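Bear in mind that the values in this text are calculations on the coordinates, not laboratory data. Quantities reported herein were computed from a predicted structural model and do not represent experimental measurements. Ideal geometry is used to build each Cβ from the backbone, glycine not excepted, and the neighbour counts take in all protein chains shown.
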Amino acid sequence: LQYFDHMQPNQQDKEPLLAVNPQRYSSIYQENDQLIRAIRLYAKRNVSSKRYQHIKGVVKTAKKLAKRFLVPLDGCAIAAWAHDIAREWDPALFGTYLEIRGYAPHEDEIANPIFLHGRTAAIILKERFGVVDSEILSAVTHHTLGNEELGDLGKVLYIADYMEPGRKYITKEFFESLLTQPTLNHLIQTIYQELSAKEKDFHPQTIAFFKACRLE
Ligand SMILES: [Fe+2]
Ligand SMILES: [Fe+2]
């Protein structure tokens, strides 16, 4: 009750329950806002301005989806700000960086080291920003190919990365139509249909992800 004492009545209505007693996501930063600011700054310093614009678009879209489908808002924002922070590394560096930390890249990751930018970003989140939330780390790790283990937060990031307004293939109408879908799985199935029309070969991990998101 005390929490609301200093708030205007209309503020109470604006943010749904998500904003009350939010989970703290970092062992280093006291407040999620501080954490988010630090990751945003890190992103700005480590990617081109074009990619930073993309990241901003993903954050905006992820927050919209979080509110629409009642997924923790701060968690989605953190995952979205962080997902591409390692995207502009020299791909030759991913292998060693991850091997030192006990991860042995798969054959397809050795052939396409850029697949490893999500996993690398997740490690930066953990080591540098003190984030240990498994949903966030998994979302960031698997944002490129998807993965059957992804929960709602991971689905939000996957969808936001695909449909952020900077993406050329997303018209305003298609964007709005995506937001009217009844569930995250419906959204994923719509994206799957769009992708199937253009792409023939999906990564096995992506196929497993789309299967896991099948409508009941
Ligand atoms: Fe990415
Ligand atoms: Fe991205």
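Highest mean first, the peptides 181-188, 98-105 sorted by other C-beta atoms within 10 Å per residue fall in the order 181-188, 98-105. Seen from Lys56, the other residues with C-beta closer than 12 Å to its C-beta sum to a net charge of +4, counting Lys and Arg as +1 and Asp and Glu as -1.
Take the Cβ atoms of Ala208 and Glu107, set R0 to 22 Å, and the FRET efficiency comes out at 0.85.
Taking the fewest neighbouring Cβ atoms within 10 Å as the starting point, the ordered list for His143, His203 is His203, His143. Suppose R0 equals 30 Å. What FRET efficiency, 1/(1 + (r/R0)^6) with r the Cβ-Cβ distance, do Ile114 and His186 give to the nearest 0.05? Taking R0 as 30 Å, the efficiency between Ile114 and His186 is 0.55.
Note on Tyr52 and Glu31: their simple-model spin labels are 2.3 nm apart, each label 7 Å out from Cα toward Cβ. Mean separation of Cα pairs under 8 Å and 6 or more residues apart, divided by the residue count, gives the stretch 37-171 a relative contact order of 29 percent. The slack between Gln23 and Val132, meaning 0.36 nm per residue of separation minus the straight C-alpha distance, is 38.0 nm. Here is the list for the stretch 137-190: chymotrypsin sites (Phe, Trp or Tyr not before Pro) lying in DSSP coil, each with at most 12 other C-beta atoms within 10 angstrom of its C-beta, are Tyr169.
Each of Lys168 and Glu148 was given a label point 7 Å from its Cα along the Cα-to-Cβ line. The distance between the two points is 3.5 nm.
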